[in-house]
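The values are calculated or read from the model by the stated rules, or taken from the named source; none is laboratory data. Computed from a predicted structure; not experimentally measured. As a convention, Cβ positions derive from the backbone with ideal geometry for all residues, glycine included, and neighbour counts pool all protein chains shown.
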Amino acid sequence: MKINLVQELPVDLRDADERLHRYGRWAMDRQLRRSCGSAEGRYRSFQDDEDRAPREMLQHIDEALACQRALAKVPELERKVLGILYVQQRLPVEAQLRLARIPPRLCQERHLRGLRMFDNLYKKMLT
């Protein structure tokens, strides 16, 4: 049985949800190493040209930094849940919540509260 960790989002929070999903993908993409192991750092393998194609832009740096600043101002309990739900780690979400001792119902409440706070802070930063 799959436990629902996220409540149904109100319409006014869907943009904030999508913004945090993009931020989470951006945050995880930045940790990948894109260089090779040669001494000069210039070696390119003779594969297809797919590895030389421009990467998809996940999120503009200005939007990502604004998300990061707004997320930093969210209170710690809600920020922790948002980080677990939106920024993927090696451990599954359920395991991370179990280690943080956050039950599913509390996760739902903190997610909705944290997302609303994040949205308000993000909009305030833009004005």
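Put simply, of LEU85, LEU126, LEU115 the only residue that is surrounded by fewer than 12 Cβ atoms within 10 Å (Cβ to Cβ) and either touching a residue at least 24 places away in the same chain (Cβ under 8 Å) or closer than 17 Å to LEU9 by Cα (or both) is LEU126.
The single residue among ALA95, ALA66 that is assigned to a helix (DSSP H, G or I), under 28 Å from LYS124 (Cβ atoms) and either at pLDDT 95 or above or of a type in the set (A, V, I, L, M) (or both) turns out to be ALA66. Restricting the stretch 3-44 to residues that are under 19 Å from the mean Cα position of the chain (by Cα) and farther than 29 Å from ASN120 by Cβ, the residue that is modelled with the highest pLDDT is ARG33.
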